[in-house]
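Colleague: Before I ask anything, let me first share the structure, which is written out below as structure tokens.
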Amino acid sequence: MSITVTPASAAVGAYIDGIDIAAGVSGEDFAELRQAFTDHGVVFLRNQDVTPEQHIEFAERWSEINVNRFFGTVDGHPRIAEVRKDPDQLHAIGSRWHTDHSYDVEPAMGSILYAREVPEVGGDTMFAGQYAAYDALSDGMKDTLGRMWAHHSSRHAFGAAALATYSDEVGQKFKNAEKATQDSLHPVIIKHPLSGRPALYVNGDFTVRFDGWTDTESAPLLQQLYAHACRPEFCHRFKWEKGSMAIWDNRAVQHNAVNDYQGQFRLMHRVTLEGEKLEPFVAS
Ligand code: SIN
């Protein structure tokens, strides 16, 4: 079987046909899938029927698995994070623009999200391409940001002080507040580890300030970059079906789980892939 890759938009994403994970993916098809992931930042597969064991096995072909320390996990499968919203819950995990795990010194390469139950309407996930976000900056801004670094943290999102401010419904989704200790420093413009392309790397959930700047000084420019990073022309909105899978690269895209399905059930399984330390992009 050979795969077909259909771009989802000019800036981000591609739909993949010709892959059946449960039946096995040949080395050649896997290499093509990986190339599409590198080129488009996120790839979408339909009609997959995988067990949790097959999900893990497939993830291990990409990288080591990084277990999210703050999310609940699937019963009997501690390496699969459960992204679940019950009909009586108002809050949804990930319903803001972000990249997963940027608070880690070696941030997660990617995530493989698999839809087990989807709402009848709503519950899409939006993706924004950060190569396109970089490319659209002015030369002056590229030059300035290219010399800057930013601090990222999990403390304000998953630490005890943060959890105390959440409603019970939100607080109980997260665990291990005492592990929200690791902060990290990343270039604002990274050299993508696979493609070598420059990408904008700040996100509203975890970036806290520019290196050498105060939080207050950083806030206006960060806010402007968050708005820029997710401009509609850099985005694709993915509509889930039961059995869909999205494999995204946290260094090339941001994502936002649209929370517009109150009263309905949505259940996703997420396996996160280990990444590496990020290097700055140096323009020639
Ligand atoms: C996440 O941020 O990993 C959740 C994405 C989603 O549920 O669509």
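Colleague: Is there a residue being assigned to a loop (DSSP other than H, G, I, E, B), open to solvent by 40 Å² or more (accessible area, probe 1.4 Å) and either within 16 Å of the ligand (Cβ to nearest atom) or at pLDDT below 95 (or both) anywhere in region 135-157?
Modeller: no
Colleague: Among Leu278, Leu225, which is touching a residue at least 12 places away in the same chain (Cβ under 8 Å), more than 16 Å from the ligand (Cβ to nearest atom) and in contact with a Phe, Trp or Tyr (Cβ under 9 Å, 6 or more places away or on another chain)?
Modeller: Just one listed residue meets the conditions, Leu278.
Colleague: Quick check on region 172-195. Is at least one of its residues at positive phi, at pLDDT below 95 and exposed (fewer than 13 other Cβ atoms within 10 Å of the Cβ)?
Modeller: yes
Colleague: Given Phe234, Phe238, Phe210, Phe281, which one is among the aromatic types (Phe, Trp, Tyr), under 21 Å from Arg147 (Cα atoms) and open to solvent by less than 30 Å² (accessible area, probe 1.4 Å)?
Modeller: None of the other options fit; the residue is Phe210.
Colleague: Across region 79-125, which residue is most open to solvent (accessible area, probe 1.4 Å) among those that are within 25 Å of Arg231 (Cβ to Cβ) and of a type in the set (Asp, Glu)?
Modeller: Once the filter is applied, the top-ranked residue is Asp124.
Colleague: Take the residues in region 242-265 that are out of contact with any strand residue (DSSP E or B) (no Cβ under 7 Å at 6 or more places or on another chain) and open to solvent by 30 Å² or more (accessible area, probe 1.4 Å); name whichever of them is farthest from the ligand (Cβ to nearest atom).
Modeller: That would be Gly263.
Colleague: As an exercise: evaluate Ala22 against (1) in contact with an Asp or Glu (Cβ under 7 Å, 6 or more places away or on another chain); (2) free of Cβ contacts under 8 Å to residues at least 40 places away in the same chain; (3) surrounded by 17 or more Cβ atoms within 10 Å (Cβ to Cβ) and give the number of the one condition it does not meet.
Modeller: Just one mismatch for Ala22, condition (3).
Colleague: Within region 41-78, track down each residue that is open to solvent by 50 Å² or more (accessible area, probe 1.4 Å) and of a type in the set (S, T, N, Q).
Modeller: Asn47, Thr51, Gln54
Colleague: Would you say Val12 is modelled with pLDDT under 95 and open to solvent by less than 30 Å² (accessible area, probe 1.4 Å)?
Modeller: The answer is no for Val12.
Colleague: Considering every residue within region 28-42, establish whether at least one is assigned to a loop (DSSP other than H, G, I, E, B), touching a residue at least 40 places away in the same chain (Cβ under 8 Å) and within 21 Å of the chain's Cα centre (by Cα).
Modeller: yes
The values are calculated or read from the model by the stated rules, or taken from the named source; none is laboratory data. All values derive from a computational prediction rather than experimental measurement. Quick reminder, even Gly has a Cβ in these numbers, built from the backbone with ideal geometry, and neighbours come from all protein chains shown. Ligands, DNA and RNA are excluded from the accessible area calculation, which covers all protein heavy atoms including side chains. Shrake-Rupley method; radii C 1.70, N 1.55, O 1.52, S 1.80 Å.
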